[in-house]
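One structure is given below, encoded as structure tokens.
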Amino acid sequence: METGLITSKTFLDHLTGLNHVEIPERVTSILEQLKLTNLLDSLTEIQPETPSRLIPELVHVPEYVDRVEQSCINGHPYIDTVDNPICNNSYEVALLATSAVTIGVDWIFSHKIKNAMAIVRPPGHHAEKERAMGFCLFNNVSIAARYAQKEHSVEKVLIIDFDVHHGNGTQHIFEEDSTVLYVSLHRYPFYPGTGSKDETGRGKGLGMTINYPLDANTGDDYYLDIVNHSLSDKVLKFQPDFIILSSGFDAHEMDPLGGMNVTTQGFGTMTEIFVKLAEECCGGRLLSVLEGGYNLKALAESVEIHLRKLSGIIM
């Protein structure tokens with residue numbers, strides 16, 4: 001079975017204004033790289049379907065979904081805080097991102113593809129149940145996890161978040177849930193301020209949040225040591241039925257925001273390990289969802305190697 005690539009030109013319609021880093025060119029640079037290297041021809045391209053507002057309501061309160069829609073209709077320049085710029089199209093684009101991840105889940109669990117990557121925007125892992133944050137409107141990976149449990153009777157889901165910023169929204173959505181293990185590798189202290197080692201979940205979810213806070217300028221060796229040993233051990237103990245990656249590439253050494261030193265090859269090696277874990281635990285079932293990454297060249301090349309490792313297609 002092949003690797004799916006889920007994206008749409010509609011993701012270019014979320015306009016964030018001048019001097020913002022989360023821009024439509026993030027998607028176009030990736031697709032141009034995949035065409036240039038002929039990798040696109042080897043992937044199964046999947047178009048998101050017409051979205052339903054019931055999908056974001058799997059994790060977000062209905063009042064918040066209403067507020068996003070109305071803020072866009074009414075032409076507000078941002079929602080909640082100025083770091084969440086929106087335009088008239090942003091609600092529909094964010095809704096389509098939720099459709100992209102759910103169709104990825106459907107295709108994986110119907111055995112049409114072995115794994116997939118959703119190249120979407122806006123990103124999602126900072127979005128809380130009731131508010132936007134950090135460029136994020138709807139929490140795409142959390143929606144994918146809940147959708148897999150609801151529609152495909154998946155019991156245990158693992159979310160691995162390697163964006164340079166801690167996924168506060170994802171952590172908070174599942175912090176009292178014993179069926180979802182959230183693991184994050186991120187710079188700390190750093191935006192958004194959450195993600196210390198002491199944050200391990202609450203109630204029934206105690207122990208189901210695992211944070212790896214990393215110093216600025218951390219590079220491949222330390223990341224790979226964690227992923228190869230501590231992280232892998234915890235994943236194998238949990239034995240997930242499905243793995244979702246919050247795939248942020250802003251820990252790249254060339255990224256303007258991250259202040260870290262991960263290389264393109266480092267992301268590739270990490271992906272190899274994630275694929276191996278999926279094969280050992282859950283028949284290879286893995287969905288990768290784009291989060292951050294703001295140097296266009298580094299982002300495009302990192303996503304290319306990420307997809308090569310997912311698909312097993314070498315240069």
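The values are calculated or read from the model by the stated rules, or taken from the named source; none is laboratory data. Just so it is clear, the structure is predicted and the values come from calculations on it, not from any experiment. Using ideal geometry, Cβ is built from the backbone for each residue, glycine included, and neighbour counts are taken over all protein chains shown.
I need the full set of residues from region 15-30 which are of a type in the set (S, T, N, Q) and free of Cβ contacts under 8 Å to residues at least 60 places away in the same chain, in order please.
19, 28
Quick one: which residue in 132, 145, 127 is over 21 Å from residue 307 (Cβ atoms), touching a Cys at 6+ places or on another chain (Cβ under 9 Å) and at pLDDT 95 or above?
Going through 132, 145, 127 in turn, just one is over 21 Å from residue 307 (Cβ atoms), touching a Cys at 6+ places or on another chain (Cβ under 9 Å) and at pLDDT 95 or above: 127.
Considering region 249-261 alone, what residues qualify as being under 11 Å from residue 293 (Cβ atoms) and touching an Asp or Glu at 6+ places or on another chain (Cβ under 7 Å)?
250, 257, 258
Tell me which strands (runs of 3 or more DSSP E) are completely within region 207-315 and hold 3 or more residues being surrounded by fewer than 23 Cβ atoms within 10 Å (Cβ to Cβ), or say none if there are none.
Result: 209-214.
Within the group 249, 242, which residue is at pLDDT 95 or above, aromatic (Phe, Trp, Tyr) and touching a strand residue (DSSP E or B) at 6+ places or on another chain (Cβ under 6 Å)?
242
Considering 114, 156, which residue is closer than 28 Å to residue 232 by Cβ, touching a strand residue (DSSP E or B) at 6+ places or on another chain (Cβ under 7 Å) and among the basic types (Lys, Arg)?
114
For residues that are free of Cβ contacts under 8 Å to residues at least 40 places away in the same chain and of a type in the set (Val, Ile, Thr), scanning just region 204-256, find the one that is farthest from residue 164 (Cα to Cα).
Going through the qualifying residues, I end up with 209.
Working only within region 31-64, note down all residues that are over 14 Å from residue 6 (Cα atoms), part of a helix (DSSP H, G or I) and in contact (Cβ under 8 Å) with a residue 60 or more places away in the chain.
Passing the criteria: 32, 33, 56, 58, 63, 64.
Of the residues in region 190-203, how many are without any contact (Cβ under 8 Å) to a residue 24 or more places away in the chain and surrounded by 12 or more Cβ atoms within 10 Å (Cβ to Cβ)?
Of the residues in that region, 2 qualify.
Can you tell me how many residues in region 5-24 are out of contact with any Gly (no Cβ under 6 Å at 6 or more places or on another chain) and within 23 Å of residue 104 (Cβ to Cβ)?
11
Within region 10-30, track down each residue that is over 21 Å from residue 298 (Cα atoms) and not in a loop (DSSP other than H, G, I, E, B).
10, 13
If you scan region 264-309, which residues turn out to be of a type in the set (Asp, Glu) and either under 18 Å from residue 101 (Cα atoms) or free of Cβ contacts under 8 Å to residues at least 12 places away in the same chain (or both)?
Selection gives 279, 291.
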